[in-house]
Amino acid sequence: MYHSKQNQENTMNLEKFLNNHRKRVNQTLDQCLPPENKEPKQLHEAMRYAVLNGGKRLRPLLVYAVGKAFNLSPDILDIPAASVELIHAFSLVHDDLPAMDDDDLRRGKPTCHKVFGEAIAILAGNALPWLAIEILHKQKTLKSNTILDMISILTQACGSLGLIGGQALDMQLTEKTDITQLENIYSLKTGALFRACIQLGSIAANIQDIEQLKILNEFANNIGLAFQIQDDLLAFKIHHKVDKKITYPTLVGIDQAKTQAQDLYKKAMKDLENMKTDTEILVSLVDYIMQREY
Ligand code: GRG
């Protein structure tokens, strides 16, 4: 009885959190992206299309959820949360290009290059991380040192030792790739941005406790890897076949991949139990991410 009432309450709290914070980040993104009627109009239209065409906003939600665990007011995190989403949007635009995954659809709509052509899509993707840095630099709420740290976190997460490097390694995958190598690629291509989200939240809250920061980093590693394995599994479910590409399920089989994703999510939950703060929303968010169907 108590448990079901508690679960109901947690679900309501999560729903409220998702709605409020998605609205916040969408508004911030809308405000910080250049308007479509400003030259170069087509480029700006493509940037806005790539960012504002839906998306679950999981990375910004993670930033806000970490902030909430440390009692931070969300307005402090609007710009950091938006900046990480801009980088994510860049990675998706480029990932969809013919030279990469060559996808026609993203979030159920034609990909950026299908609508605007390859050249504009490349430029729109290129412009987004620069905008992320610019909005962080311009914002007035956080201290300059905090902003510099945030810029450093994002540039590292984005660069050749982060998601771009992970993508480069991903393109060199062969049948000889083993699971350790694949996990390393996932840790860069997907995990780097998840780690950045957690770091943005904890830096904004000025958390110095090394133990707590270590736990949060471990938490980010666990959900980052679990999320990418789940993404592989969802791609399999949608296409009813294991992709030609080497992914987690192609290396270990569907059942083993499912077990591994579940184990990682459980580890992430355990990490949260070891935090000294109120992680209720983070727990519910992990639960929500675990159950996602797209
Ligand atoms: C600079 C040429 C060049 C490439 C950029 C493309 C790239 C580097 C990195 C790709 C990273 C990538 C696409 C990783 C996959 C991560 C992933 C599972 C994305 C889907 O995330 P969701 O489900 O998407 O959060 P939504 O649509 O909800 O935002």
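The values are calculated or read from the model by the stated rules, or taken from the named source; none is laboratory data. Given the structure is predicted, the values throughout are model-derived calculations rather than measurements. Quick reminder, even Gly has a Cβ in these numbers, built from the backbone with ideal geometry, and neighbours come from all protein chains shown.
Data for the structure
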| read-out | value |
| --- | --- |
| Tally, over segment 11-47, of residues that are of a type outside the set (S, T, N, Q), within 13 Å of the ligand (Cβ to nearest atom) and over 17 Å from G125 (Cα atoms) | 3 |
| Matching residues, segment 152-171, being in a helix (DSSP H, G or I) and within 10 Å of the ligand (Cβ to nearest atom) | C158, L163, I164, G165, G166, Q167, A168, D170 |
| Within segment 68-140, helices (runs of 4 or more DSSP H) holding 3 or more residues that are more than 15 Å from the ligand (Cβ to nearest atom), modelled with pLDDT of 95 or more and within 30 Å of L14 (Cα to Cα) | 78-96, 118-138 |
| Selection within segment 34-47 - more than 19 Å from the chain's Cα centre (by Cα) and either surrounded by 17 or more Cβ atoms within 10 Å (Cβ to Cβ) or within 16 Å of K114 (Cα to Cα) (or both) | Q42, L43, H44, E45, A46 |
| Candidate set from segment 48-67 (those that are within 11 Å of the ligand (Cβ to nearest atom) and assigned to a helix (DSSP H, G or I)); member that is nearest to the chain's Cα centre (by Cα) | R59 |
| In segment 179-237, the residues that are away from the ligand (no atom under 13 Å from the Cβ) and polar (S, T, N, Q) | T180, Q181, N184, Q199, S202, N206, Q208, Q212, N217, N221, N222 |
| Pair list, Cβ < 7 Å and 6+ apart or interchain, from segment 86-99 residues that are farther than 16 Å from R59 by Cβ to residues that are more than 8 Å from the ligand (Cβ to nearest atom) and at pLDDT below 95 | none |
| Pairs with Cβ under 8 Å, 6+ apart, first in segment 251-265 and touching a residue at least 60 places away in the same chain (Cβ under 8 Å), second among the polar types (S, T, N, Q) and not in a helix (DSSP H, G or I) | L251/T177 |
| Qualifying residue in segment 66-87 (condition: basic (K, R) and under 25 Å from F227 (Cβ atoms)) | yes |
| Hey, Q42 free of Cβ contacts under 8 Å to residues at least 12 places away in the same chain, assigned to a helix (DSSP H, G or I) and of a type outside the set (D, E, K, R) or not | no |
| Test result for L173, in contact (Cβ under 8 Å) with a residue 40 or more places away in the chain and closer than 21 Å to L188 by Cβ | yes |
| Residue count, segment 48-80 (criterion: under 22 Å from A124 (Cα atoms) and of a type in the set (A, V, I, L, M)) | 5 |
